[in-house]
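This report concerns only the one structure given below.
Each reported figure results from applying straightforward, stated rules to the coordinates on display, with no laboratory input. This one's a predicted model, so the numbers in the text were calculated from it and none came from an experiment. Positions of Cβ are backbone-derived with ideal geometry, glycine not excepted, and every protein chain shown enters the neighbour counts.
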Amino acid sequence: MPKFKTIYLTAKRYTQGISETLIALIEYLEKNAVKVILDQETIAMLQANRVKKTTIYNLSNNYEHFELSKLKPQCDLIIVIGGDGSLLSTAKIAADQNIPIVGVNRGTLGFLTDINPEYIESIGKILRGNYIEETRFLLNASIKHDDKIINQDLALNDVVLLPSHNNRMIEFSVYINKQFVCTHKADGIIVATPTGSTAHALSGGGPILHPGLDAIVLLPMFPHTLSSRPIVVTGDSHIEIIMNKNYESYPNVSYDGRKLVPIPSSGKIDIKKHINRLRLIHLHDYNYFETLRVKLKWENK
């Protein structure tokens, strides 16, 4: 019997090769006595991009679909087909419902989605329990104004303060555990987890943090002074970013590169580690440093 009996599949929409990989995975799971759950968007994508040589049943009738907020306890495992962005969008659902997640890479880099789509049968190893599991923490960020929360969300990679449409420098102050750190004049700041240290923060010159570290990196973006450098703090730190009250336009805050939320002058971003962690599954031979070496094209010996 497979270790995971019911698996929820979700796919990045309308990307080349996605439907073929998804169909192959459905057929493989069913042959291995695994029940498949699809969301309605994935069903619609399959119906719109059906592969002619493959017989797919009337999906809307033969596959159950649940609200993502109610996957537990019907689901034992989530498989995301797509790129890292696809997994990011599902991460908070998986974390808050304590469902492990695995990624099949149909994107570009694939730091998180590390299963090769050409070797779907490798999923069989996971079904048989031959895998390793690690946990990654998320950030819980709240945008506040006059001590009221005006927006709140989770981020597996990063919370980023960005300039508004006029691209003017932003002035803001950083506090860690209620202690004043400094005031920055910059294009913004990236607050990243170890998972996010290989994403936006890496392109900004930040350090790579091993995912096993309990740490957060704060990286000012294009600061006005060259002495403004990245700083790494403990993962349990309480981070506050307070906007200059005299700032004339509203900059934006993004969570994992998703929606942009404006933050008013004298507003505050309150960032803490989320209480629930993401359970990320890899094949048993997964090697983090090999992933870095391949994805970043580091020199081989």
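In terms of the mean number of neighbouring beta-carbon atoms within 10 Å, the peptides 174-180, 154-160 order highest first as 154-160, 174-180.
Tally the DSSP beta bridges in the chain and give the antiparallel ones as a percent, rounded to 5. Intermediate values should be presented prior to the final figure.
Numbers: 56 of 73 bridges.
DSSP beta bridges in the chain are roughly 75 percent antiparallel.
Ranked highest first by average number of other Cβ atoms within 10 Å, how do 262-270, 72-80, 125-133, 190-198 line up?
Values: 262-270: 18.4, 72-80: 20.0, 125-133: 15.2, 190-198: 25.9.
Order by mean packing, descending: 190-198, 72-80, 262-270, 125-133.
In terms of its Cα atoms, the chain spans 62, 47, 32 Å along the principal axes, sorted from long to short. Between residue 289 and residue 20, the modelled label-to-label distance comes to 3.6 nm, taking each label 7 Å out from Cα in the direction of the beta carbon. The calculated FRET efficiency for residue 69 paired with residue 149, based on their beta-carbon distance and R0 = 25 Å, is about 0.80. Quick one: go through segment 205-247 and flag any residue whose amide nitrogen is under 16 Å from the point 7 Å out along the Cα-to-Cβ line of residue 277. Only 210-216, 234-237 fall inside the zone, counting backbone N under 16 Å. Simple spin-label estimate for residue 130 and residue 299 gives 3.6 nm between the two label positions (7 Å along the Cα-to-Cβ direction from each Cα). Per-residue ellipticity at 222 nm computed for the chain from its helices equals -5000 deg cm²/dmol, with DSSP H segments shorter than 4 residues left out and the rest contributing -39,500 (n - 2.57).
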